[in-house]
Amino acid sequence: MPGRPGPADRESPRLPHLTSTDIAGRIEDLYGAPLADLEAYAQDQPPGMLSALLGMHDDLALAERSIAFHRDHLARLIHPGRQIGPHEVSHLLDATRRLAEAVAVREAQAKSVAAVLQSLARVPAPTSTPPAPSPPAAAPPLVAPSPAHSR
């Protein structure tokens, strides 16, 4: 209904639509190294946040390639010079379904990796001079033991 908030209006703040190229750039910014170097480094490390982000990036890139493939296939099927008969209709429906699935996967992957990246921040490099240590906190006063009651 117009004027009434729908489910999309109640979502958390909307994340921008990011492509695999955008995600790669954000990962590079976060870790301060090119993606190829990060991929080589992650292969020698135990699983962690970097390998998870790289895997999510790969999944997003795969979904984008799948969208391009199915979009092109669908465009060939509906080419203006091509006749569409009963046999072609099933191919059209299948190509359309596959394209929709690829778009859904891409949207889910993009939303997930964007949310993870949004929650992370690059830690600034340590300065050459360490900050001056703060003076030690004063020790709390000792409580004098109370004399024991005698009988």
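The values are calculated or read from the model by the stated rules, or taken from the named source; none is laboratory data. Only a predicted model underlies this, so the values are computations on that prediction, with no experimental measurement involved. With ideal geometry, Cβ positions are generated from the backbone for all residues, glycine too; neighbour counts draw on all protein chains shown.
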Could you tell me whether any residue of segment 129-145 is outside any helix (DSSP H, G or I) and at pLDDT 85 or above? no
Complete set of residues in segment 72-110 that are among the charged types (D, E, K, R), under 30 Å from Arg26 (Cα atoms) and exposed (fewer than 15 other Cβ atoms within 10 Å of the Cβ): Asp72, Glu101, Glu107
Only one of (1) more than 15 Å from Ile23 (Cα to Cα); (2) at pLDDT below 90; (3) out of contact with any helix residue (DSSP H, G or I) (no Cβ under 7 Å at 6 or more places or on another chain) fails for Ala121. Which number is that? (1)
Could we say that Leu74 is under 13 Å from the mean Cα position of the chain (by Cα) and either outside any helix (DSSP H, G or I) or in contact (Cβ under 8 Å) with a residue 12 or more places away in the chain (or both) here? no
Among the candidates Leu92, Leu62, which residue alone is under 23 Å from Gln109 (Cα atoms) and aliphatic (A, V, I, L, M)? Leu62
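Output yes when any residue across segment 37-57 is within 24 Å of the chain's Cα centre (by Cα), in a helix (DSSP H, G or I), surrounded by 12 or more Cβ atoms within 10 Å (Cβ to Cβ) and among the hydroxyl-bearing types (Ser, Thr, Tyr), and no when none is.
Looking through segment 37-57, at least one residue is within 24 Å of the chain's Cα centre (by Cα), in a helix (DSSP H, G or I), surrounded by 12 or more Cβ atoms within 10 Å (Cβ to Cβ) and among the hydroxyl-bearing types (Ser, Thr, Tyr).
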